Amino acid sequence: MNKNIKNDITINVDPVYLEDESEPEEDYFLWAYTINILNKSKEPIQLRSRYWRITDSQGIIHEVSGEGVVGEQPILNPGESYEYTSGVPLTTPSGIMVGAYMMENDMGESFIVDTPPFSLDSPFDLHQIH
């Protein structure tokens, strides 16, 4: 599990290779990743948008951005956490992801919380990134 703490917001990431859903012979490798966001601040926050930079083992970069996560823009009161699971496919057996969330406090002020970088490793890559 990878962790980042900023602005009293803790981000934990746990990636898992989905062997049963991957097709290595077709250059299709799939991971699920579970994100847990904990609001340790003294004010409510809302996750407004996300940004991901996904780099495969050949150095090809894919960028993904959009509103919220998994169709939601959760509000976290002080002490609350929010957890979701999403997925990412690659055409290579490994890669790395890093990203950021744009958060907003109850006064309408925006701030960025970076996610920790995390590796996407499969058993089909002899040179795993992590």
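Where a number appears in this text, it was derived from the coordinates with a stated rule and is not lab data. Nothing here was measured: the structure is a model prediction, and the numbers come from that model. Cβ: placed from backbone, ideal geometry, glycine included. Neighbour counts: every protein chain shown.
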Next on the checklist: Of the listed values [x] 9.9; [y] 8.5; [z] 7.8, identify the label whose number matches mean projected area of the Cα convex hull in nm² calculated from this model.
Outcome noted: [z]
Checklist entry - Given PRO116, TYR84, ASN39, which one lies farthest toward the positive end of the charge dipole of the chain, if we put +1 on the Cβ of every Lys and Arg and -1 on the Cβ of every Asp and Glu? => result ASN39
Item to check | Whole-Hz ³J(HN,Hα) from phi, Karplus 6.51 cos²θ - 1.76 cosθ + 1.60, for region 20-29, glycine and proline x | outcome: 5, 9, 8, 10, x, 5, 9, 6, 10, 10
Checklist entry - Quick one: length gained pulling SER86 to ASP106 fully straight, 0.36 nm per residue minus the C-alpha distance? => result 4.5 nm
Next on the checklist: Over the chain, what is the relative contact order in percent, taking alpha-carbon pairs closer than 8 angstrom and at least six residues apart?
Outcome noted: 29 percent
Item to check | Phi to ³J(HN,Hα) by Karplus 6.51 cos²θ - 1.76 cosθ + 1.60 over region 106-117, Hz, x for Gly, Pro | outcome: 6, 9, x, 7, 9, 8, 9, 10, 6, 8, x, x
